[in-house]
Amino acid sequence: MAYQERINSAQEIIAGRDNWTGIDSEAVARMQLQNRFRTGLDIARYTAAIMRRDMRAYDGDSSLYTQSLGCWHGFIGQQKMIAIKKHFGSTDRRYLYLSGWMVAALRSQFGPLPDQSMHEKTSVPALIEELYTFLRQTDARELGLLFREVDRAREAGDSVRERQLLQTVDKFQTHVVPIIADIDAGFGNAEATYLLAKKMIEAGACALQIENQVSDEKQCGHQDGKVTVPHDEFIAKIRAIRYAFLELGVEEGIIVARTDSLGAGLTKQIAYSEKSGDIGDLYNSYLECEEVSEGTIRHNDVLVRRDGKILRPKRLRSNLFQFREGTGADRCVLDCINALNNGADLLWIETEKPHIEQIASMVDRIREKIPNAKLVYNNSPSFNWTLNFRQQVFDEWGKSGRDMTVYDRSKLMSADYDDTELGREADERIRTFQQDAAKRAGIFHHLITLPTYHTAALSTDNLAKEYFGEAGMLGYVAGVQRKEIREGIACVKHQNMAGSDIGDDHKEYFAGEAALKAGGAHNTMNQFAA
């Protein structure tokens, strides 16, 4: 509904109430526009439609991949979306990612925790709600600034400027974008997964990412000791999430099925199998086994029969079973095909390094069965990107016969290589990694899980070094505030960012000329007007 249509609609409602004195139809229209989304389910439905549209667009043109950055606080998500609109003019194909790692490390009442699903499960939907609270407030703030400009244009009698501003209001693009939210391994059984999924969807999440690790032994995707579950257990959780979406009326909700099999050498249990070649049998076929005879069977041995032979799977003291080395990629392919055939929409293959051909080699096999298979990929800070890509260039150049004696592979991280041909080539491959991987390896969505964790640490370190050192107050002024002013960072007016001007508008709506507003001549934020 256009701005003027909202005013007219509000006027009709107000006109029917004789005792609604002092209620202004334009103020109502403004408040409605500043609160476009009434519930988290409104957000989930709206953003799910965006993701579905983007997925279809990517199927037609792989250059139309999507991106996100991980956020651990509503303020971080808010500032990210403000920056995107400022620099690019649109939030199209840019999302938010909610990282379970950062929830564990930064949002648990227990303090910093490893990424092992030990944090409170309620902290995940709470962060989703917080992120969208901040994004909705950002809409209200930006629209409020536009409304003030409209009022100034009217006061100046500039009808052309007023019309331009009202057109901008009608074309306003919300800061509310899709969130891909990490539900870890479901925090329990399928029922627990369903219950948590509902809370996350009700908070606004349109896309849930679930991994095939055992929930009570869950590990960070880039650490050792990962244990996967048989496919039937994982599919039950995928179905639980789908039921949660459907129950809440979010029919276009997205499920991202993540496989950790590439780096997981253990399984919780031997899969149930009814016949040769079924999904349980295929899962078990990758177990490390030894052939046994009747006389070599030990007390309480677990045995399987395959191809007429009796086999003993390798069982550890932890009561976990071990997969054969070198089977990770095959298991990933099987995981992905089975997940897509059973309700998942997108895939996530957790890898140990950012290598396009490694990813593509698996995606090619998946796409033989499911041609439109698409990935979400973790451009992880756990990778040493500089070292990995310099090693890739070094190895490729060496295989091609180039003279590599001027480089030392053991010292490729040295700053001495920053301005060399090898260093520049590696940086160029890092720069184009996302677009190259979107085209070659079927990656629809690129995300960085923990970027704002690292940027917060880096900027705080720089400020502490300067402020508590010889620079003193200049450390803050030159290193922070002056840059904010000159680079047009909205947060330099922190009172406005926190909602002070929105509050002033409401005071005027509610109390009229009696309103005691904060934004008067003595507000020090006026120092940043220029």
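The values are calculated or read from the model by the stated rules, or taken from the named source; none is laboratory data. What you see is a predicted model, and the numbers here were worked out from it, not measured in a lab. Backbone-built Cβ (ideal geometry, glycine too); neighbour counts: all protein chains shown.
Which one of these is assigned by TED's automatic domain parsing to the domain that holds residue 266, surrounded by fewer than 16 Cβ atoms within 10 Å (Cβ to Cβ) and within 23 Å of the chain's Cα centre (by Cα): 352, 294? Can you show your working first?
Details: 294 fails: within 23 Å of the chain's Cα centre (by Cα).
Of 352, 294, the one residue that is assigned by TED's automatic domain parsing to the domain that holds residue 266, surrounded by fewer than 16 Cβ atoms within 10 Å (Cβ to Cβ) and within 23 Å of the chain's Cα centre (by Cα) is 352.
Would you confirm whether any residue within the range 191-207 is in a loop (DSSP other than H, G, I, E, B), basic (Lys, Arg) and assigned by TED's automatic domain parsing to the domain that holds residue 314?
Scanning the range 191-207 turns up no residue that is in a loop (DSSP other than H, G, I, E, B), basic (Lys, Arg) and assigned by TED's automatic domain parsing to the domain that holds residue 314.
Return the pair list, or none, for Cβ contacts closer than 7 Å from residues in the range 158-182 that are closer than 30 Å to residue 215 by Cα to residues that are of a type in the set (Phe, Trp, Tyr), at least 6 apart or on different chains.
177/95; 178/95; 179/95; 180/95; 180/97
Only one residue in 397, 385 is under 30 Å from residue 209 (Cβ atoms), surrounded by 14 or more Cβ atoms within 10 Å (Cβ to Cβ), in the same structural domain as residue 97 (by TED's automatic domain parsing) and not small (Gly, Ala, Ser). Which one? Even if it seems obvious, please write down each step before you answer.
Values: 397 fails: under 30 Å from residue 209 (Cβ atoms).
Only one candidate passes the filter, namely 385.
So that you can scan it fast, the table gives a plain yes or no per residue for (1) among the hydrophobic types (A, V, I, L, M, F, W, C); (2) surrounded by fewer than 17 Cβ atoms within 10 Å (Cβ to Cβ):
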position: 226; (1), (2): no, no
position: 229; (1), (2): yes, no
position: 241; (1), (2): yes, no
position: 251; (1), (2): no, yes
position: 272; (1), (2): no, yes
position: 278; (1), (2): no, yes
position: 281; (1), (2): no, yes
position: 287; (1), (2): yes, no
position: 306; (1), (2): no, yes
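Would you kindly identify the helices (runs of 4 or more DSSP H) lying entirely within the range 1-116 that contain at least 3 residues that are among the basic types (Lys, Arg)? Before the answer, list the steps.
On the way: elements: 3-15, 25-33, 40-60, 74-88, 100-106.
Result: 40-60, 74-88.
Consider residue 100 carefully, then state whether it is in contact (Cβ under 8 Å) with a residue 24 or more places away in the chain, in the same structural domain as residue 205 (by TED's automatic domain parsing) and crowded, with 22+ Cβ neighbours inside 10 Å.
Yes: the conditions hold for residue 100.
Search the range 313-329 for residues that are over 11 Å from residue 267 (Cα atoms) and pair each with any residue that is among the aliphatic types (A, V, I, L, M) and part of a helix (DSSP H, G or I) when their beta-carbon atoms are under 6 Å apart and the residues are at least 6 apart or on different chains.
Cβ pairs passing all conditions: 329/362.
Could you tell me whether residue 320 is of a type outside the set (Lys, Arg), buried (at least 16 other Cβ atoms within 10 Å of the Cβ) and assigned by TED's automatic domain parsing to the domain that holds residue 183?
The answer is yes for residue 320.
Taking residue 135, is it part of a helix (DSSP H, G or I) and either touching a Cys at 6+ places or on another chain (Cβ under 6 Å) or at pLDDT 95 or above (or both)? Give the derivation first.
On the way: part of a helix (DSSP H, G or I): yes; either touching a Cys at 6+ places or on another chain (Cβ under 6 Å) or at pLDDT 95 or above (or both): yes.
It is true that residue 135 is part of a helix (DSSP H, G or I) and either touching a Cys at 6+ places or on another chain (Cβ under 6 Å) or at pLDDT 95 or above (or both).
Could you please find all residues in the range 239-286 being among the small types (Gly, Ala, Ser), more than 25 Å from residue 358 (Cα to Cα) and out of contact with any Pro (no Cβ under 9 Å at 6 or more places or on another chain)?
Once the filter is applied, which keeps residues that are among the small types (Gly, Ala, Ser), more than 25 Å from residue 358 (Cα to Cα) and out of contact with any Pro (no Cβ under 9 Å at 6 or more places or on another chain), the range 239-286 yields 240, 244, 249, 253, 273, 276, 277.
Quick check on my filter: what residues within the range 461-503 are at positive phi and surrounded by 14 or more Cβ atoms within 10 Å (Cβ to Cβ)?
499
Going by what's in this entry, would residue 317 be described as part of a loop (DSSP other than H, G, I, E, B) and not small (Gly, Ala, Ser)?
Taking the combined requirement at face value, the residue satisfies it.
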